[in-house]
Amino acid sequence: RAKAQGRNTYSHYLPCLTEEARARFELERSLRGALQNDELRLHYQPLVDLASGRCIGAEALLRWQSAEHGTVGPDRFIPLAEESGQIVALGTWVLHQACQQASQWRREGVLLDTIAVNLSPIQFMQRNIVQIVRDALDISGLPAACLELEITEGALMQHIAQAEETLKALRTLGVRISVDDFGTGYSSLAYLRRFALDKLKIDKSFLAGLPEDPSDSQLVQTIIALARNMQLSVLAEGVETGDQEVWLRQHGCDQCQGYLLGRPMAAAAFSDHWQAQQRG
Ligand code: C2E
Ligand code: MG
Ligand code: MG
Ligand code: MG
């Protein structure tokens, strides 16, 4: 199509690209100050056990409230942080912050089974990742069994031997591993079986058509069966309707997460949510 429009397409496109590149550069530059300027926060989204309907934990999700750019979503700034290498510092901060918060909650009686933390592929491939995780546990006093690390299929399949070794070492620490956005990557089932894993998180894109769409519901059933077969637990992300929740429970999904069960919230709001639920 670009070819059909001729050479003019380029003169029209180039300034746009430059503008975009400049915006990215600007964003990346101010992201460098975000930690020191205290512009980062974690929000916490409930993880719910489907059988009991109880909130069993939370996924920590990073938020950037930039003085210069307003609220910037992780889908925009995480890729930038990955390109620039800042993800290593940000990711370490997230781990420490999440473990500290979960540990403090446990002291206050907000007894989460699970605090889930996303690991970027770059973090996961860091040579000292096991030490970084161990430090976060030691300093916070959080029991390792409470920490779940979320890793995407892509990160696992890129350098299989190293991934296998890192997963084993993390397992030895006592933390759990879940595969995030499952179904969107290119997993080799043979390797998935070899890896030390605990949970598959079904990507929210497959939930959209549930329960009506036959191909989405077939696919979700297949992933649930796969998890069963590999003796992993399985969570569905992006649950927005009561019908979806009922369907997932009927089809043997273990856990769910989504706007229906609770949006990502600031720490104080999450602990209110937890306490209201314990009373109810
Ligand atoms: P993710 O790990 O798959 O997180 C789930 C995303 O789905 C979150 O988006 C969450 O707000 C959103 N979500 C939850 N329930 C629903 C729902 O019912 N409907 C819809 N449409 N969306 C729902 P968020 O917070 O914008 O994060 C986007 C992605 O950014 C995350 O996807 C994760 O890949 C990345 N991310 C967030 N925080 C961190 C972090 O601390 N470190 C790293 N490495 N990545 C992070
Ligand atoms: Mg996640
Ligand atoms: Mg996900
Ligand atoms: Mg995602």
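Overview of results
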| item | result |
| --- | --- |
| Those residues of region 173-205 which are within 11 Å of ligand 3 (Cβ to nearest atom), in contact with a helix residue (DSSP H, G or I) (Cβ under 8 Å, 6 or more places away or on another chain) and open to solvent by 60 Å² or more (accessible area, probe 1.4 Å), in sequence order | Thr184 |
| Within region 106-126, tally of residues that are touching a residue at least 40 places away in the same chain (Cβ under 8 Å) and either within 16 Å of ligand 2 (Cβ to nearest atom) or under 14 Å from Glu59 (Cα atoms) (or both) | 10 |
| Verdict on Gln278 being out of contact with any helix residue (DSSP H, G or I) (no Cβ under 7 Å at 6 or more places or on another chain), surrounded by 14 or more Cβ atoms within 10 Å (Cβ to Cβ) and of a type in the set (S, T, N, Q) | no |
| Leu232 vs. criteria surrounded by 17 or more Cβ atoms within 10 Å (Cβ to Cβ), aliphatic (A, V, I, L, M) and either more than 21 Å from Ala58 (Cβ to Cβ) or in contact with a strand residue (DSSP E or B) (Cβ under 7 Å, 6 or more places away or on another chain) (or both) | yes |
| Helices (runs of 4 or more DSSP H) completely within region 213-280 that count 1 or more residues being more than 16 Å from ligand 2 (Cβ to nearest atom), within 19 Å of Thr114 (Cα to Cα) and not hydrophobic (A, V, I, L, M, F, W, C) | 267-279 |
| Subset of region 120-149 that is within 13 Å of ligand 1 (Cβ to nearest atom) and under 20 Å from Ala267 (Cα atoms) - its residue that is surrounded by the most Cβ atoms within 10 Å (Cβ to Cβ) | Ala136 |
| Subset tally (residues that are more than 19 Å from the chain's Cα centre (by Cα) and assigned to a loop (DSSP other than H, G, I, E, B)) for region 175-194 | 1 |
| Filtered residues of region 89-118 (kept if open to solvent by 10 Å² or more (accessible area, probe 1.4 Å), within 16 Å of ligand 3 (Cβ to nearest atom) and not β-branched (Val, Ile, Thr)) | Asn118 |
| Whichever residue in region 66-88 is among the aliphatic types (A, V, I, L, M) and surrounded by 14 or more Cβ atoms within 10 Å (Cβ to Cβ) and, among such residues, is nearest to ligand 1 (Cβ to nearest atom) | Ile78 |
| Index of the failed condition, Ala208 passing every other in (1) touching a residue at least 24 places away in the same chain (Cβ under 8 Å); (2) surrounded by 14 or more Cβ atoms within 10 Å (Cβ to Cβ) | (2) |
| Selection within region 49-65 - part of a loop (DSSP other than H, G, I, E, B), surrounded by fewer than 16 Cβ atoms within 10 Å (Cβ to Cβ) and in contact with a strand residue (DSSP E or B) (Cβ under 8 Å, 6 or more places away or on another chain) | Arg54 |
| Extreme residue, farthest from Thr172 (Cα to Cα), among residues of region 124-162 that are within 16 Å of ligand 4 (Cβ to nearest atom) and in a helix (DSSP H, G or I) | Gly154 |
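The values are calculated or read from the model by the stated rules, or taken from the named source; none is laboratory data. All values reported here derive from a predicted model rather than from experimental measurement. FYI the Cβ positions are ideal-geometry reconstructions off the backbone, even for glycines, and counts take in every protein chain you see. For the accessible areas, the whole protein counts, side chains as well, though only heavy atoms, and no ligand, DNA or RNA atoms are used. Shrake-Rupley method; radii C 1.70, N 1.55, O 1.52, S 1.80 Å.
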